[in-house]
Amino acid sequence: MYPTLAEVLDLPVLRAAAPRVRAGSAGLDVPVRWVHVSEQRDPAGTLSGGELVLASGVAVSDPTGDPAAYVAALRDAGAVGLVVELGQHVRSLPTALVQAARAAEFPLVELTRAVRYVEVTEIVHARILNSQYARMQFLQRVHDTFRTLTVESGELSRVLAEAAALTGLRSSWRTWGTGRCRSQAIRPRRCSRTGPPGRVRFPPPRSPRRADPKGG
């Protein structure tokens, strides 16, 4: 899974820069797919969606720029938020920019202390790539496990045990003898009264009942 914007801002490297959310606080749970450093007023063509844009304030400090158009351009390009470092190019965020971001409910964050953006990108990208790798490993493990169970015709108890081990969730299975199912974990249409222990036999689906042409 991708880290959320709130989780990115909570990383030590950014916490040290004393981040302050100026707009779009309701959108901090949005996932961050990548981090991109950009000073362009119109980032169209440079983003693919899900990026958190880091800037030093070159674009926002330009008095000829249109803050509302800048925010709209970021959002239309797929950015999930804008982080601006105060100090080098801008001492405070322009009021018009903050108002435009609030009107668009677009996350806008200012950093009140200096930060090395290269360090931010390295840390966030490493976290994203590690998460993706872990997910790929898990999917491969699931594939290998159930392929083996299919080849070996694993019994239901083994299938559920493997599923529980993979998901970390409790699983159970149904028994028969009285014809009544007693577990809540699996809900087959009907429990078989016969058959080898440890297996549940599902009856074949019934054919649709044909209407009696005589109406009976």
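Need one number: convex hull volume per residue for segment 5-124, Cα atoms only, in Å³.
86 Å³
Counting other C-beta atoms within 10 Å, which of Glu110, Glu39 has the fewest, and how do the rest follow? Don't skip to the answer; put the middle values down first.
On the way: Glu110 23, Glu39 16.
If I rank by nearby Cβ atoms, fewest first, I get Glu39, Glu110.
If you average the C-alpha positions of segment 98-117 and of segment 11-80 separately, how far apart do those two centres end up, in angstrom?
Measuring centre to centre over Cα atoms gives 7 Å.
Taken together, the values in this text are just the output of simple stated rules run on the coordinates, not laboratory data. Just so it is clear, the structure is predicted and the values come from calculations on it, not from any experiment. Every residue, glycine among them, receives a Cβ derived from its backbone with ideal geometry; neighbour counts consider all protein chains shown.
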